[in-house]
Amino acid sequence: MYEDKTLTCRDCGAEFVFTASEQDFYAQKGFQNEPSRCPACRVQRRAGGGGRGERQMYDVICDGCGANTQVPFQPRGDRPVYCRDCFDRQRQSAY
């Protein structure tokens, strides 16, 4: 039913074969798009965290205990910011 197809990787530009068995697997899983990256680039992308790079951290003072901590978002000042311990306590008390 399926035949091998030669596709071009969108990252490195190399040609790779989208085999008949891979096409069958994609169809069984309900995937509608063909792969756009070669197997090597897919592995590299997964290992690299999806290409996000290193996360920027922001230094803040915890609104719960006053300790210096870091958070992965830039606080806007309209909501309290907690260290991990205070955040966990807040979350547990909410449930």
Take the residues of the stretch 76-92 that are outside any helix (DSSP H, G or I) and out of contact with any Gly (no Cβ under 6 Å at 6 or more places or on another chain): which is surrounded by the most Cβ atoms within 10 Å (Cβ to Cβ)? Cys83
Within the stretch 53-75, restricting attention to residues that are open to solvent by 60 Å² or more (accessible area, probe 1.4 Å) and not in a loop (DSSP other than H, G, I, E, B), which residue is farthest from Phe87 (Cα to Cα)? Asp59
How many residues are of a type outside the set (Lys, Arg) and either within 23 Å of the chain's Cα centre (by Cα) or open to solvent by less than 50 Å² (accessible area, probe 1.4 Å) (or both) if we restrict to the stretch 1-24? 11
Residues of the stretch 25-39 being among the charged types (D, E, K, R) and open to solvent by 80 Å² or more (accessible area, probe 1.4 Å), which ones? Lys29, Glu34
Just give me the residues in the stretch 40-50 being of a type outside the set (Gly, Ala, Ser) and either at pLDDT 95 or above or loosely packed, with under 12 Cβ neighbours inside 10 Å (or both), in sequence order. Val43, Arg46
Right, Ala94: among the aliphatic types (A, V, I, L, M), modelled with pLDDT under 90 and more than 19 Å from the chain's Cα centre (by Cα) or not? yes
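The values are calculated or read from the model by the stated rules, or taken from the named source; none is laboratory data. Quantities reported herein were computed from a predicted structural model and do not represent experimental measurements. Neighbour counts run over all protein chains shown; Cβ positions are idealised from the backbone, glycine included. We work out accessible area using only protein heavy atoms, side chains counted, and drop any ligands, DNA or RNA first. Shrake-Rupley method; radii C 1.70, N 1.55, O 1.52, S 1.80 Å.
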